[in-house]
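Undergrad: Starting off with a structure, shown below.
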Amino acid sequence: MNAISPLSPLVDPFARQISYLRVSVTDRCDLRCVYCMSENMSFLPKAEVLSLEELDRLCRAFVRLGVKKLRLTGGEPLVRKDIMWLFGRLGELVHSGDLQELTVTTNGTQLARYAAELRKTGVKRINVSLDTRDAAKFAAITRWGKLDKVYEGLAAAKEAGLAVKINMVALKGINDDEFDSMIAWCGEMGFDMTIIEVMPMGDIGNEQRVDQYLPLSMVRARISQNWTLEDIDYNSGGPARYVSVKETGRRIGFITPLTHNFCESCNRVRLTCTGTLFMCLGQEDAADLRKPLRASPNDSVLIAAIRESITRKPKGHDFIIDRRRSRPAVGRHMSVTGG
Ligand code: SAM
Ligand code: SF4
C-alpha cells in the first residue's frame, strides 16, 4: 500500500520529467578537499539549517510529485547529528514502493559506524569519494583525512552488502598516475567507479582550478592504453557515460560537464540544507522552499512553490575553466549543493 498520495509529476519547460532529487543535508564536513573547499570555511549558522523533520517533509513532497530517486549528500551527510533518523524515514518510502532508490554520497570516514544501519534502512548502493590510494596524497588532497578510516568504512560497507561506487576526481599532477591502479583495485574489490572532472564551483583559497583541471577525454585515452573499454548503455540515473572494463568486468562512468554537455537529459534538481532549490548545478538561479514550507503545515503552498520553481529550470549550464577567468563560474561551493 502506498504511504503517500501521488500528484501529477513535475515536468520542466523542456519536457524533462523531474524524477531525481539530491539533498545536501549539511554544508559541514570533516574534511577539506582542495578542489571543494578552502581550509577556512565559514559554515551556515545552525538556525538557518532545516531540521531533519523539515527535510523529511520536503523530500516527501517531491516524492508525491514523481521523484523516484533520492540521494543524500553534503558537505558530509554522515556527520549530521541523528542523520540515521532521516534515512529511516525515507527508507520507509523505499519499502512502500513510493521511492525506487535511496542513496548517499559520502567521503567514507563515518561508514564503519553507519554502513550496517544504512543497509537496514533500505539503502542498497552508495558512492564513496576516494581520489587516491596513497596515504600521504590522501592527507594532502583532503587536508585533514586519514586513508585508513575510509578503508575501514569500505570494508564495513562490503560486509553490510552495500554496492559501492568509487568517485574519483581527476586532478592534474596529483592523481593522474593512479588511474590504472585504481581500476585494478576496484576490480579486486568489486566496486564500480566514476571519474569526475573538476568543476569550477566556489572559491578554494590559493588553489587554482586551471592547475587541477584534467579533461576526461585525456584520461580515457590514457586508460585505454592498458584496459579494454567497451561502451555500454548502462544508466545509473545520473549524468555519467559508462564503459565496461573487459579485464575486470566492472563499470567506469565518466562525468564530463566541461567537455560534454549532459544537460539535455537532465532529470534532477538539488536541494540545500537551508531549503534552497537549485534547478541546475551550473546556474545561480534558485527557489526558496523554506518559506513556503514554514508558512503552513499543509503542503499545498509548498507544492505550488515547487511547481513554480520547475518552470524556471534552465536548458543547461555554461561552465568554463580557462586562464582568463580567475573567478569560479558559480560562486557557491559543491558542498552547498552536494555535487
Ligand atoms: N562529502 C561527500 C563526498 O565527498 O563524497 C559528499 C559531498 S561532495 C561535494 C560530492 C562529490 O563532489 C564528491 O565526489 C567530490 O569529490 C565531488 N566534488 C567536490 N567538489 C568538486 C569540484 N569542484 N569538481 C568536481 N567534483 C567535486
Ligand atoms: Fe567534504 Fe566531500 Fe567536499 Fe571533500 S568533497 S571537502 S569530503 S564535502
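Read-outs throughout are calculated quantities, based only on the coordinates presented, and are distinct from any laboratory measurement. Predicted model, so just to flag it, every value in this text is computed and none were measured. Every residue, glycine among them, receives a Cβ derived from its backbone with ideal geometry; neighbour counts consider all protein chains shown.
Undergrad: Sort by residue number and name the cysteines in the chain that have no neighbouring cysteine Cβ under 4.7 Å.
TA: Cysteines lacking a close Cβ partner in the chain: 29, 59, 186, 263, 266, 273, 280.
Undergrad: Let me ask you something else. Cut-off under 22 Å on the C-alpha distance; same-chain residues fewer than 8 positions from residue 291 excluded. Which lysines are left, in chain and number order?
TA: 46, 313
Undergrad: Going by C-beta contacts inside 10 Å, put 43, 138 in order with the fewest on the left. Don't skip to the answer; put the middle values down first.
TA: On the way: 43 14, 138 20.
The most exposed by this proxy come first: 43, 138.
Undergrad: Count the DSSP beta bridges whose two residues both fall in the chain, then state the antiparallel fraction as a percent rounded to the nearest 5. Mind dumping the intermediate values first?
TA: Working: 13 of 44 bridges.
Bridges in the chain are about 30 percent antiparallel.
Undergrad: Can you work out the Karplus-derived ³J(HN,Hα) for every residue in the range 136-146? Use 6.51 cos²θ - 1.76 cosθ + 1.60 with θ = phi - 60°, whole Hz, and x for glycine or proline.
TA: Karplus values, whole Hz, x for Gly and Pro: 5, 5, 4, 5, 6, 5, 8, 6, 10, x, 10.
Undergrad: OK, next. On a 0 to 90 degree scale, rounded to 10, what angle separates helix 300-310 from the longest Cα axis of the chain?
TA: 40 degrees
Undergrad: Sticking with this structure for a sec: Just rank 93, 214, fewest to most, by other beta-carbon atoms within 10 angstrom.
TA: Numbers: 93 23, 214 19.
Least crowded to most crowded, the residues run 214, 93.
Undergrad: Out of every Cα pair in the range 20-337, what percent are spaced more than 24 Å from each other?
TA: On the way: 26956 of 50403 pairs.
That fraction is 53 percent.
Undergrad: Starting from the Cα of residue 124, draw a straight line to each of the lysines and keep only those under 28 Å, dropping any in the same chain fewer than 8 residues away.
TA: Partners within reach: 68, 69, 81, 146, 149, 158, 165, 246.
Undergrad: Another one. For residue 129, what residues show an amide H to amide H distance below 5 Å, using hydrogens built from the backbone and excluding near sequence neighbours?
TA: When sequence neighbours closer than 5 places are left aside, the close amide H contacts are 106, 107, 108, 167.
Undergrad: GNM on the chain, C-alpha springs below 10 Å: top fluctuator among 68, 172, 81?
TA: 81
Undergrad: Sort 233, 27, 82 by Cβ crowding within 10 Å, fewest neighbours at the top. Write down the numbers at each step before the final one.
TA: Values: 233 6, 27 24, 82 9.
Least to most surrounded, the residues fall as 233, 82, 27.
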